[in-house]
1. Of all residues in region 13-53, which are away from the ligand (no atom under 16 Å from the Cβ) and closer than 15 Å to L173 by Cα?
2. So which residues in region 54-95 are hydroxyl-bearing (S, T, Y) and either over 30 Å from E180 (Cα atoms) or near the ligand (Cβ under 8 Å from one of its atoms) (or both), if there are any at all?
3. Taking region 571-629, which residues are of a type in the set (A, V, I, L, M) and outside any helix (DSSP H, G or I)?
4. With G68, G107, G103, G120 as the choices, which residue is at pLDDT below 75, under 18 Å from V42 (Cα atoms) and out of contact with any Gly (no Cβ under 7 Å at 6 or more places or on another chain)?
5. Quick one: what pairs do we get from region 552-573, first residue at positive phi, second assigned to a loop (DSSP other than H, G, I, E, B), C-beta under 7 Å, 6+ apart or different chains?
6. Please identify the pairs in which a residue from region 37-64 that is among the acidic types (D, E) has its Cβ atom under 6 Å from the Cβ atom of a residue that is within 13 Å of the ligand (Cβ to nearest atom) and part of a helix (DSSP H, G or I), counting only partners at least 6 apart or on another chain.
7. Is at least one residue of region 576-599 under 27 Å from R522 (Cβ atoms), of a type in the set (F, W, Y) and surrounded by 13 or more Cβ atoms within 10 Å (Cβ to Cβ)?
8. At least 2 residues that are buried (at least 21 other Cβ atoms within 10 Å of the Cβ) and among the acidic types (D, E) in each: list the strands (runs of 3 or more DSSP E) lying fully within region 407-512 that qualify.
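The values are calculated or read from the model by the stated rules, or taken from the named source; none is laboratory data. Here the structure is a predicted model, which is why all the values come from computation and not from measurement. Glycine also receives a Cβ, built like all others from the backbone with ideal geometry; neighbour counts cover every protein chain displayed.
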Amino acid sequence: MEKFEHEYNAEQIQVLDGLEHVRKRPGMYIGSVSIRGLHHLVYEIVDNCVDEALAGYCTHIKIEIEPGNIICVEDDGRGIPVDIHAKTKISAAETVYTQLNAGGKFGGDSGYKVSGGLHGVGASVVNALSTWAEVTIQRDGGIFQMKFERGKTVQPLTRIGDSDKTGTKVRFLADDTIFETLEYDYETLESRFREMAFLTKGLSISVEDKRGEEVKKADFCFEGGLNSFVEFLNKNKEKINQQPIYIEKEDGDVPVEIAFQYTTAYSENIYSFVNNINTIEGGTHLEGFKRALTKTFNDYAKAHNILKEKDGNLQGEDIREGITAVISVKVREPQFEGQTKTKLGNSNVAGIVQSLVNEALSNFLEENPNIAKAILEKCVSASRAREAARKARELVRRKNALESTTLPGKLADCSSKVPEECEVYIVEGDSAGGSAKQGRDRKFQAILPLWGKMLNVEKSRADKIYNNDKLQPVILAVGAGIGNDFDITKIRYGKVIIMADADVDGAHIRTLLLTFFFRYMRPLIENGNVFLAQPPLYKLSKRGMKDVYCYTDEELTENLNAMGKDGVNIQRYKGLGEMNPEQLWDTTMNPETRILIQVKLEDAMKADEIFTILMGDEIGPRREFIEANAKYVKNLDI
Ligand code: 0RA
């Protein structure tokens, strides 16, 4: 067996400093040391394989989560080069794994390696943040292996056998002294790999979770690329055009792939990617797409007399109602801007995307007049609804101006006017509302009781929503408008807390309100202002002891074992209304003792899917979802 030369020169010492810095400030390299950062390690390694696929040399990537949370990623690419690197005097492969930013120099010649954002930090960062890592390379007729501990080489690249295959395999164990948890979430990884497979047409990605007794696995390979992606996103929706409209073209050195399809839903679902990174804040590629849609549909509608000259133009939002679209561009030197560095700034991309979409869409509309008509009918009625919504909103404004108050009558407001310290409890039902009003701390807690049947916004347009007597109080109480006009800086409360019973009706109200916030006040969720109150399920009382409240069945069992079962009275709370004001304060509203669940938006795509399933028209998917998730439901009262 041959060993590669391994010596430490000045350059090597710098390398060690670099990796030391990664371990000191991991957040700078991978965003955080939470589960997000942990998952990022895997994406980082898989991204390198995807680059090899984009360069045309890799067709299959296999990811395994082994028992003990060891990650194994294997590809069938050319294998990382094993020859001695002239400058560092160590093998190219070891350089890639130990030198910060070496990835760029060795990262294949796909040329689209990302330099901004969190991505592209490379294998060396993963190595630095791992208790150990082991890389096995097959190429040039041999099998080569190297090993590391916390980023430091413990076995330089060594030839360990012969092989006529090529490829790279990486195994690593993330460092538990750095990460909050090592427990990978299979579902999160799976959906990211599905997304990667959609974004790289024809690439096969398989993932397997071998940690538990029940092995979970999935294989992804989509010859249809983004076409398949859009079909997947729309699987539970009613389509207007049965086949997505598909564009794949390269212009000015910028490869563009776009697919979009109209559904009968009212929401707009557009996802955009640059170099396979989800650009959550959008940017120039998205702007170009939107401009092309607005212009092409307006031109077509005018030319075919669907819109008369005297009618104004359709607005962009009318034309995007019910659309599902995925836009993917590859940009050599992307500039990422915005708060989370996920907004594309390169201005030339807008024009490139716009002209490609203009051309492809106008051809499509000319060739498919029936589909064009169906889509435009929907746009026109969206436009009418928007106009009606504007009038409804003005009416609300004027009425409030006359009554010289903008607050709903049912709201029991708090005395403080400092939004950061104020909270509003949205409470279902009469008696619970009464208890909450008496039990609260009126300095900073406001109560808004809701009565009767709540509107399902998934099945209604904006005009109906403004006019709805159940939602209007919520809109006015929050005080920041709605839809495109929603202005997070105007919110009147830092916490908007939904307080509903722990039964099916309560769950229904919660879901209806969350759907409303998700579709019409999304920044409120994104900004972390929405919470769910957690009322207790049981009260245990025993003579001579303080009452104990239990919030889960596990807690009940635990406490019964602590207290001893004899002489304990167990009261099961069916609803909030069964608690007196003092109990409600103690258990659910007192910031010192209550449990609040913050509603987070981890994944807009997943959220859209769930709201569509739960609140949309189709019954089959809803039943499947409920059956599949029944095991998570703890307190089902039927
Ligand atoms: C640069 C050059 C060559 C291969 C790779 C990079 C490569 C990197 C990774 C990372 C994970 N899997 C990978 N597979 C390949 C090969 C250049 C040549 O053979 O001429």
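1. Of the residues in region 13-53, the ones away from the ligand (no atom under 16 Å from the Cβ) are 13-40.
Answer for region 13-53, where residues must be away from the ligand (no atom under 16 Å from the Cβ) and closer than 15 Å to L173 by Cα: R23, V33, I35, G37, L38, H39, H40.
2. Kept after step one, since they are hydroxyl-bearing (S, T, Y), are these residues of region 54-95: 57, 59, 88, 91, 95.
Result: Y57, T59, T88, S91.
3. Within region 571-629, M579, I595, L596, I597, V599, L601 qualify.
4. Working: G68 fails: at pLDDT below 75; G103 fails: out of contact with any Gly (no Cβ under 7 Å at 6 or more places or on another chain); G120 fails: out of contact with any Gly (no Cβ under 7 Å at 6 or more places or on another chain).
The conditions single out G107.
5. G567/K542; G567/R543
6. Listed by first residue and then by second, the contacts come to E44/V126.
7. Within region 576-599, the subset under 27 Å from R522 (Cβ atoms) is 588-589, 591, 594-599.
Keeping just the survivors that are of a type in the set (F, W, Y) gives none.
No, every residue in region 576-599 fails to be under 27 Å from R522 (Cβ atoms), of a type in the set (F, W, Y) and surrounded by 13 or more Cβ atoms within 10 Å (Cβ to Cβ).
8. Working: elements: 423-428, 445-450, 495-499.
Here the list reads 423-428.
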